[in-house]
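I have placed the structure first, in the form of structure tokens, so that the comments after it can refer back to it.
The values are calculated or read from the model by the stated rules, or taken from the named source; none is laboratory data. Since we're looking at a predicted model, the values are computed, not measured. Cβ: placed from backbone, ideal geometry, glycine included. Neighbour counts: every protein chain shown. In case anyone asks, the SASA skips ligands and DNA or RNA and just uses the protein heavy atoms, side chains included. Shrake-Rupley method; radii C 1.70, N 1.55, O 1.52, S 1.80 Å.
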Amino acid sequence: ILLEDQIEVPNLTQYVPERDGGYVFDGWRLGGKEWLFETATVQSDITLTAKWIDAAQGFNYVPIEGGACITEAKREMNSIVIPSVINGLDVLAIAPHAFENPQNVDLLKIVIPGSVVEIGDYAFAECENIAIDIQGSLTKLGEFAFYKCNLLKKVSFGEGIEQIPYGAFSGCVSLKEVRLPQSLKVIGENAFEECSSLTSVMMHSTTASVEDAAFRFCNRDR
């Protein structure tokens, strides 16, 4: 990566490279030494090198039917790129509370790979001021899975999901558009409460019910 004089270094802190084969990004290096965007300055063009570690060194997991479920990160990272494969197992799920209310103030971004279809209760609750990139389509969600993820902008649901549970996206103030599949039966209480940027919700006529306060304090109520 070449950084030229006219490019502001802080703009690059959100960029997270990805690599297949069960590897996790572990920061940038310059001449073998860790490069810290917060303190380093650029005087001329430089070349940074990405450091990679085996996914099993960065995350704990448990085997589940058909693959693996990530339970937590083992270390603090500025950007968390959840692997799609760990120790040869496809990563299909994120456990309840796995990344809830992270205490690492330097965490800027979380990437959820396309292999993940299930998110547990409170898995990413209160990941405030952290960009969240959901790359796949979800088929199962837990309560408050993305509560107060205020920088979450989009999410995709796969056929097979039957319920958006209680408070799943409440407080996601940057979420703008939601498309719900034909398999969906219930939008639970407070599911999209306070999604104040939400302007479009597309549902099939077969959607069974919309429970109390599912869209309370969204734009349509203002």
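Taking label positions 7 Å along the Cα-Cβ direction at both residue 204 and residue 154, the computed distance is 2.2 nm, reported to one decimal. Please give me the summed charge of the neighbours of residue 214: other residues whose Cβ is under 10 Å from its Cβ, Lys and Arg +1, Asp and Glu -1. Residues close to residue 214 contribute a combined charge of -3. Looking at the chain, the accessible area is 52 square angstrom per residue; that uses a 1.4 Å probe and ignores ligands, DNA and RNA. Each peptide in 179-190, 73-84 receives the mean, over its residues, of other Cβ atoms within 10 Å, and ordering these scores from highest gives 73-84, 179-190. Simple spin-label estimate for residue 196 and residue 34 gives 3.6 nm between the two label positions (7 Å along the Cα-to-Cβ direction from each Cα).
Neighbours of residue 66 by Cβ distance under 11 Å: Lys/Arg scored +1, Asp/Glu scored -1, total -3. One chain, two ends: residue 129 and residue 76. Fully extended at 0.36 nm per residue, the span grows by 17.4 nm beyond their Cα-Cα distance.
Restricting attention to segment 55-143, close to 35% of DSSP beta bridges with both partner residues there are antiparallel. The distance between label points at residue 54 and residue 19 comes to 1.4 nm (points 7 Å beyond Cα on the Cα→Cβ vector). Comparing 169, 35, 124 along the charge dipole axis of the chain, the residue lying farthest to the positive side is 169, per the Cβ-charge model. Partners of residue 74 within straight-line reach, counting aspartates and glutamates whose Cα lies under 16 Å from its Cα and excluding those fewer than 8 residues away in the same chain: 26, 54, 100, 106. Pairs exceeding a 28 Å alpha-carbon distance, out of 109/185; 51/148; 153/185: 109/185; 51/148.
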